[in-house]
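Notes follow once the structure below has been shown.
The values are calculated or read from the model by the stated rules, or taken from the named source; none is laboratory data. Worth saying up front: this structure is predicted, and the values here are computed from it rather than measured. Cβ atoms come from the backbone with ideal geometry, glycine included; neighbour counts cover every protein chain shown. Ligands, DNA and RNA are stripped out before the accessible areas are found, and what is left, the full protein with its side chains, is counted by its heavy atoms. Shrake-Rupley method; radii C 1.70, N 1.55, O 1.52, S 1.80 Å.
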Amino acid sequence: MQIDISKIIKERVGDIQILQMKLEKEKISLTVRFSNGRKRIVKLNRFVDVIKWAFCVGIFAGEGTKRGGRGFPFEFTNSNPKRLQAMIKFLEDLGVGKEEIKVRLQIRCSEKEIKEGKIKKLEEFWSQFLKIPRSQFEKTNVRISNRPSKSKFGTIRLRVNSNFLAKLFIEWEKFIIGG
């Protein structure tokens, strides 16, 4: 079952005003104005799977960055490979190109594990699993600790440099849970 994204985008997405919405058979073209007056055209796929939409908005509600303000990007952080894969697939279904997604690995490991190449192994694992080239990875955040990590694969932050996308997910969260 598909949901028509045009039906769940209001006249405002946070402090971003929707000036015009052009509907095509499979796409939506939005002319938006940010609070600083800058205008931009945002293109999305019009129809997405309703279950994937609800699931990804739900996991964003728990693990997405919602710091507010101007200029903040869409960010989703998780250590579960399947959830990360689902979010990437949903972003693609929405019309966000995989090349727009930046990845940052965050791990806790000992000096010995660093010397044994754990960082490179985990970066390679995530690159292959998520099907995102390492060139899109930002510098890995390493916390040196002899205490074992709860996640053997570390934590991944997905980032799309889109203030509109971040605020759209926040609005959809309100749509689902009320508020």
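Does segment 1-17 hold any residues that are in a strand (DSSP E or B) and open to solvent by 20 Å² or more (accessible area, probe 1.4 Å), and which are they?
GLN2, ILE3, ASP4, ARG12, GLN17
Does at least one position in segment 78-93 carry a residue that is outside any loop (DSSP other than H, G, I, E, B), touching an Asp or Glu at 6+ places or on another chain (Cβ under 6 Å) and not basic (Lys, Arg)?
Looking through segment 78-93, at least one residue is outside any loop (DSSP other than H, G, I, E, B), touching an Asp or Glu at 6+ places or on another chain (Cβ under 6 Å) and not basic (Lys, Arg).
Which of the residues spanning segment 132-142 are surrounded by 11 or more Cβ atoms within 10 Å (Cβ to Cβ) and within 28 Å of LYS112 (Cβ to Cβ)?
Result: ARG134, PHE137, GLU138, THR140, ASN141, VAL142.
What about PRO73, is it in contact with a Lys or Arg (Cβ under 8 Å, 6 or more places away or on another chain) and closer than 26 Å to LYS52 by Cα?
Answer is yes for this residue.
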